[in-house]
Amino acid sequence: MVLILMVALIGVQVPLLEWRKRRPKAFTYVSLAGLVTALLALAVLAGLTRFVTIGFLFAAANGWVIFRSSRRPISSNTPKLVYRWIAVIYQLSYALGIFGYVLMVLTFFGVTALFTDAPEVFGAAITIMFSAFTSAFWPVTLSK
């Protein structure tokens, strides 16, 4: 069984790497489309309409900033817009991560038990903390 898994992984990995090497633009677009489609399908099936709505608004705002930055000739306000957008997203993500961390620590010390008896507070704190901290560094990962 393990041998079949290894052969399947290698058999799929080699063509994917070749595709990425020979046609990087197509590979990037198809990968992005697959990621967005799979995430959207899972969110819709799970009934996460708020997630889908916020994700759509965030993607639309990012698309608008990318559209403005790709126009030639570039407007004199565009660099300020791009920098402000990245800075705001970074600061919001970082603040949300700190909030998740503080909520997690408060849960450890039992302070959240004073306000609610819901057991999922710790899980929410972990989710908020890690999703915010990972999204706080997306400008860094895009530049590499």
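Nothing in this text is a laboratory measurement; each read-out follows from the coordinates by a stated rule. All values reported here derive from a predicted model rather than from experimental measurement. Reconstructed Cβ throughout: ideal geometry from the backbone, glycine too, with neighbour counts over all protein chains shown.
Key figures
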{"item": "Per DSSP, loop chymotrypsin sites (Phe, Trp or Tyr not before Pro) in the stretch 68-138 with at most 14 further Cβ within 10 Å", "result": "F109, F115, F137"}
{"item": "Among (1) 2, 9, 15, 18, 15, 12, 11, 9, 6, 3, 0, 0; (2) 2, 9, 15, 16, 19, 17, 13, 7, 3, 1, 0, 0; (3) 2, 8, 9, 13, 15, 15, 14, 10, 7, 4, 2, 0, 0, the entry that matches P(r) over Cα pairs in 5 Å bins from 0, in percent as calculated here", "result": "(3)"}
{"item": "Point-to-point label distance, T53-A33, nm (Cα→Cβ direction, 7 Å offset)", "result": "2.9"}
{"item": "Calculated FRET value between A43 and F122, using beta carbons and R₀ = 22 Å, to 0.05", "result": "0.40"}
{"item": "Cβ charges +1 (Lys, Arg) and -1 (Asp, Glu), total dipole of the chain, debye", "result": "1060"}
{"item": "Whole-number percent relative contact order across the stretch 21-144, with pairs defined as alpha carbons under 8 Å at least 6 apart", "result": "21"}
{"item": "Charge dipole of the chain about the Cα centre (unit charges at C-beta), most positive-ward option of L16, F130, Y90", "result": "L16"}
{"item": "Charge tally in the Cβ shell below 15 Å around I74, where Lys, Arg are +1 and Asp, Glu are -1, I74 excluded", "result": "+4"}
{"item": "Distance between the stretch 73-129 and the stretch 1-63 - C-alpha centres, whole angstrom", "result": "25"}
